[in-house]
Each structure stands twice: as structure tokens, then as C-alpha cells.
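To start, the structure itself, in C-alpha cells.
The values are calculated or read from the model by the stated rules, or taken from the named source; none is laboratory data. Because the structure is a prediction, the values reported are computed rather than measured. Neighbour counts run over all protein chains shown; Cβ positions are idealised from the backbone, glycine included.
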Amino acid sequence: MLHALLISNGLQGLEKYYVSNAQVQYTTCLVTKDFSPDLLPYDLLVVPNGSDHVALLKIKDNVRAFLAAGRALVCCDGFFTAWVPGNQWVMDNARRSQDVRYSCGTDRHGLLAGLNLDELNFSHGMSGWWACGYIQAAPGAEVLLHDTWQRPIVVLDEVSTPGRLLLTASGPLADVSYAGQPDRAPVALYRNFIHLLSTSTVPAHG
């Protein structure tokens with residue numbers, strides 16, 4: 001079983017989106033003024049949509065050490081501060097949201113298996129809802145999804161550190177199916193990454 005640290009700003013209902021199950025056990029870490037969590041007992045750091053990236057910048061060295069130990073990071077929020085090794089999110093609302101469509105890039109690990117792109121392209125018939133920017137991806141990182149203008153939207157980085165980073169351009173990911181909600185595209189991508197981590201060699205805790 002994976003042990004994940006879930007960063008929380010106290011957002012209501014977060015526990016419904018990340019529910020402990022047979023594959024992953026979540027421990028919630030609330031952001032406070034003394035925010036400085038010990039990351040190394042965990043296999044996975046989850047930074048959900050709506051996170052405090054000023055606080056995360058303060059622990060960027062801890063995050064780098066965590067990834068240097070071979071651990072994994074999921075960040076599905078626009079990381080507007082430079083705390084993610086090798087990659088940077090860029091906000092861009094200059095394009096018309098109605099023109100946004102996503103397309104598949106390379107996918108060596110099958111993380112896009114079972115993914116219905118229309119569930120990311122459209123929400124209640126509206127496009128452009130899933131990302132409000134793009135990622136300047138690290139050289140050599142795998143771009144799983146591009147937008148209409150071939151900008152990276154979902155990146156799997158296995159080159160910047162010994163660990164794995166799954167990054168989205170603010171597009172939320174979670175496993176809400178354990179809370180009784182349907183398996184849709186964001187769930188499929190998140191679950192596929194959890195499965196990849198679960199079937200890979202994970203360093204011993206601590």
C-alpha cells in the first residue's frame with residue numbers, strides 16, 4: 001500500500017475526493033503558519049486543486065529531497081511559485097476557451113488508458129474548463145496531453161529527479177469513485193498513476 005500525504009488548505013469536502021482504499025492510505029496535512037511537514041515517511045505527495053503555493057515554496061528543498069529519495073508527486077493545480085523541480089506552470093487566459101481541445105502525446109506507461117478526452121474537453125457542453133494555462137515542461141519529460149496550441153497540459157517527469165512527478169496545468173485529479181461518484185477521465189488518469197506507483201519499486205519508509 002502507498003502512503004500519501006495530502007496537502008490541505010482546509011477546503012471543504014476534500015476528504016470526499018481522496019478516500020483511503022486498498023492501494024493508498026491518505027494522511028491530511030493542513031497548511032498553517034508553521035507549515036513544515038516531514039515528507040520522507042510517505043511515498044506520494046498530493047497537491048490538489050486550490051493549494052497554497054506560497055507555503056509550498058517555503059518547503060521546496062524538502063520536496064526536492066523527497067523526490068531525490070525516489071518518491072512521487074501529484075500536483076493538479078497551477079503552481080505559480082517555483083517549488084516544482086524542473087517544471088513551471090504558466091497562466092494564460094489570452095486564448096478563447098471555446099477553442100480549447102486536448103490531444104494525446106506520448107504515453108509509455110499507459111496512463112491515458114481508458115481516458116475519454118471529451119470528459120476533459122467539455123463540461124456541461126463548455127470547453128476550456130480543465131486548465132487555465134500550460135506547463136513549461138522539463139527537457140526530456142513526457143508530455144501526456146497537449147492543448148490546441150501544442151502546449152503541455154499534463155506532464156510525467158521522470159528525468160528531473162529520481163522520483164516521478166505527475167503535473168497538470170491546473171486540471172483537477174482525484175479518485176472520487178471511492179466516494180460513490182463515477183469513474184470519469186480525471187479519475188482514470190489519477191488511478192492509472194496510482195497503479196503505476198503501486199506496481200513499481202517504492203523505497204522503504206523513512
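Taking the criterion of being surrounded by fewer than 19 Cβ atoms within 10 Å (Cβ to Cβ), over 21 Å from residue 150 (Cβ atoms) and free of Cβ contacts under 8 Å to residues at least 60 places away in the same chain, the residues of the range 60-101 that qualify are 60, 61, 62, 65, 80, 81, 82.
When restricted to residues that are under 14 Å from residue 133 (Cα atoms) and among the hydroxyl-bearing types (Ser, Thr, Tyr), the range 82-110 contains 2.
Conditions (1) in contact with a Ser or Thr (Cβ under 8 Å, 6 or more places away or on another chain); (2) within 21 Å of residue 160 (Cβ to Cβ), marked per residue:
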site	(1), (2)
80	no, yes
83	no, yes
88	no, yes
105	no, yes
123	no, no
129	yes, no
133	yes, yes
136	no, yes
139	no, yes
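Checking each residue in the range 75-109 for being touching a strand residue (DSSP E or B) at 6+ places or on another chain (Cβ under 7 Å), more than 13 Å from residue 169 (Cβ to Cβ) and outside any loop (DSSP other than H, G, I, E, B) picks out 97, 98, 103, 104.
Going by what's in this entry, would residue 106 be described as under 23 Å from residue 197 (Cβ atoms), surrounded by fewer than 21 Cβ atoms within 10 Å (Cβ to Cβ), of a type in the set (Val, Ile, Thr) and at pLDDT 90 or above? Criteria met by residue 106. Within the range 148-160, the set of residues being more than 20 Å from residue 118 (Cβ to Cβ) and surrounded by fewer than 22 Cβ atoms within 10 Å (Cβ to Cβ) comprises 158, 159, 160. The number of residues in the range 49-78 being under 20 Å from residue 164 (Cβ atoms) and among the acidic types (Asp, Glu) comes to 2.
Among the residues of the range 110-147, those identified as in a loop (DSSP other than H, G, I, E, B) and buried (at least 18 other Cβ atoms within 10 Å of the Cβ) are 111, 112, 115, 128, 130, 131, 137, 138, 141, 147. Do we have any residue at all in the range 26-37 that's among the β-branched types (Val, Ile, Thr), in a loop (DSSP other than H, G, I, E, B) and modelled with pLDDT under 95? Among the residues of the range 26-37, at least one is among the β-branched types (Val, Ile, Thr), in a loop (DSSP other than H, G, I, E, B) and modelled with pLDDT under 95, which makes the answer yes.
When residue 162 is tested against the conditions (1) touching a Phe, Trp or Tyr at 6+ places or on another chain (Cβ under 7 Å); (2) more than 14 Å from residue 105 (Cα to Cα); (3) at pLDDT 95 or above, the lone failure is (1). Would the range 139-153 turn up any residue that is under 16 Å from residue 48 (Cα atoms) and modelled with pLDDT of 95 or more? The answer is yes; a qualifying residue exists.
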